[in-house]
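Working notes, structure below.
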Amino acid sequence: MAAMISVDFQDCIFILVLLCFFLFWYSLFFKKPKDSQGFNLPPSPPSLPIIGHLHLLLSTLTHKYLQRISSKYGPLLHLRIFHVPIILVSSASASYEIFRGQDVNVSSRSDFAMNDESIFFGSSGFVTAPYGDYWKFMKKLIVTKLLGPNAIDKSQGIRAEELELFYRNLLDKARKSESVEIHKEVMKLTNNIICRMSMGRSCSEESREAERVRDLVTKSLTLTKKVFLAKLLRRPLKMLGISLFEKEITDVSRGFDKLLERILVEHEERLEENQDKDMMDLLLEAYHDEEAEYKITRNHIKSLFVEIFMGGSDTSAQAAEWTMAEIINNPNVLDKLREEIDSVVGGTRLIQESDLRNLPYLQAVVKEVLRMHPPSTLLPRTFQESCEFKEFYIPEKTILVVNAYGVMRDPDAWEDPDEFKPERFLASSRSGLEDELREHQLKYLPFGSGRRGCPGSNLAYILVGISAGVMVQCFDWRIKGDKVNMEEAVSGLNLIMAYPLKCTPVARLDPFSF
Ligand code: HEM
């Protein structure tokens, strides 16, 4: 009997261990997560104990890794980083449904503020502001006055002057047969344009101010992904008494603060007499306006400038670099572009931004580059309220991440998604194909979507279009080897070329010699 009991007992232990083991793996790999009230959440890929899906976000090319995970487990997934729930959207149809049906609900981003006083990742940011009174006030100012069609028209002269300087600098390099790093050269152009449009002055190269701004922008971009992760891990880290990146954030913030305070004071001193108002003047007017619908602070102004420097100049320079890389690797595209530019602009003057509307192929090339190589691959938002989406339940405050890279390479929405085919964007400009244009807009997310979409997209198209236009119109380009290496890397949260494009300009025509 004793032996019998002992055998049963051993079997029991064995079965219990087996059961626990099975339950553990089942919950780890196959269980559909349910929230505490028993509602259905979207499916979840395998996770690890405690950290959940943290390892997925730690990969260097997170967008690609998440794209692979989604093609295996589904276009709508539920992830968990420790206790933080995330909904990941990777298909064009799911992203369309979210932005169409939940636009207001997902019009806030997560609270990224690491340090309230900081103008970088502090609580005064516009990009990170919740969808509320401050964001609405600022958004109105941005789309009507700062980046609206009138403001863009009025600042055309600035861009034309800077474009000529950009051309002359490349011509100088061509004469000396010197190679250039395309991103660096375009970054100087976009940075100067954005500085002059926003502050009425270029950050001069002589006083090393421009270099200082570029350096601060680069440091800020590098910190972005770290801050994003640190924010997700804040609770467990706080329990361990660790606060990550505070020093780096404070240093960058102080650097920007010093620079911007000086420029703000300069602007305040000549606010009355200044007729030609730049962005900073307009923001200072709102700051001093006692009747304003929302009372903005100095920190609000400074934070917006930091965000515009970060969000506007590097993204556009990255896009111009990818554009040149695709053009160099596709000689047939270069031929078509040349033919178009030569017939519309000719060789006796430099391309201007007013030419862009007559250059549909150049526009299509830029759009295709932004589809394949979007500088912002992941769009983070937050569900403000709980909602039902498809057959699933999504609890309030869940983070939403739309994988814009995955959506724009979704094989169900794009023909040959991994091939560079600018022609796909030409079809939509032919008459009678408005439906196609609308359909493209819904699955085309380089500038995000909905009310939180990028307010600088028109300016961005101009910056990328004119810089690539000049490089094609006036120069041939020599590279080492046959092909440009198109490998991707990520810096901060931005998609960049793993091997920065370095090439030597060879003067093709000099529009100023006539
Ligand atoms: C190729 C260049 C650019 C790309 C790819 C780009 C992309 C984006 C993306 C993906 C977003 C987030 C949208 C969303 O969540 O749906 C965004 C937001 C934003 N962008 Fe851009 N952008 C570019 C250029 C610019 C420029 C030139 C400016 C201004 C000078 C600018 C200012 C902003 C601002 C202020 C926001 C925050 C909007 C908000 O939170 O309401 N961007 N951009």
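The values are calculated or read from the model by the stated rules, or taken from the named source; none is laboratory data. Values in this document were obtained by computation on a predicted structure and should not be read as measured data. For neighbour counting, all protein chains shown are included, and Cβ atoms are generated from backbone atoms with ideal geometry for every residue, glycine included.
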Go through the residues of segment 327-335 one by one and say whether even a single one is within 30 Å of Tyr405 (Cβ to Cβ), within 16 Å of the ligand (Cβ to nearest atom) and crowded, with 19+ Cβ neighbours inside 10 Å. no
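Do you know which of the residues in segment 452-477 that are within 22 Å of Phe309 (Cβ to Cβ) and free of Cβ contacts under 8 Å to residues at least 40 places away in the same chain is farthest from the ligand (Cβ to nearest atom)? If you could, list the steps in order and put the result at the bottom.
Narrowing segment 452-477 to residues within 22 Å of Phe309 (Cβ to Cβ): 452-468.
From what is left, the residues that are free of Cβ contacts under 8 Å to residues at least 40 places away in the same chain are 453, 457.
Working: Gly453: 4, Ser457: 6 Å.
This residue is Ser457.
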Surrounded by fewer than 23 Cβ atoms within 10 Å (Cβ to Cβ), under 17 Å from Leu463 (Cα atoms) and in contact (Cβ under 8 Å) with a residue 24 or more places away in the chain, is that true of Leu359? yes
Take the residues in segment 419-458 that are small (Gly, Ala, Ser) and modelled with pLDDT of 90 or more, then tell me which one is surrounded by the most Cβ atoms within 10 Å (Cβ to Cβ). Ser449
Candidate set: segment 163-194, residues that are among the hydroxyl-bearing types (Ser, Thr, Tyr) and in a helix (DSSP H, G or I); chosen: the one nearest to the chain's Cα centre (by Cα): Thr190
Would it be correct to say that Glu385 is at pLDDT 95 or above, away from the ligand (no atom under 14 Å from the Cβ) and surrounded by fewer than 16 Cβ atoms within 10 Å (Cβ to Cβ)? yes
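Right, Glu269: of a type in the set (Asp, Glu), more than 16 Å from the ligand (Cβ to nearest atom) and modelled with pLDDT of 90 or more or not?
Against the criterion (of a type in the set (Asp, Glu), more than 16 Å from the ligand (Cβ to nearest atom) and modelled with pLDDT of 90 or more), Glu269 does not qualify.
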Of the residues that sit in segment 49-78 and are of a type in the set (A, V, I, L, M, F, W, C) and under 18 Å from the mean Cα position of the chain (by Cα), which one is surrounded by the most Cβ atoms within 10 Å (Cβ to Cβ)? Leu66
Return the pairs, sorted by first residue and then second, in which the second residue is of a type in the set (Val, Ile, Thr) and in a helix (DSSP H, G or I), the first residue lies in segment 58-81 and is closer than 16 Å to Leu48 by Cβ, the beta carbons are less than 8 Å apart, and the residues are 6+ apart or on different chains. Leu77/Ile69
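For segment 143-159, give me each residue that is in a helix (DSSP H, G or I) and surrounded by 16 or more Cβ atoms within 10 Å (Cβ to Cβ).
Lys145, Leu146, Ala151, Ile152, Ile158, Arg159
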Determine whether Val104 is crowded, with 20+ Cβ neighbours inside 10 Å and within 14 Å of the ligand (Cβ to nearest atom). no
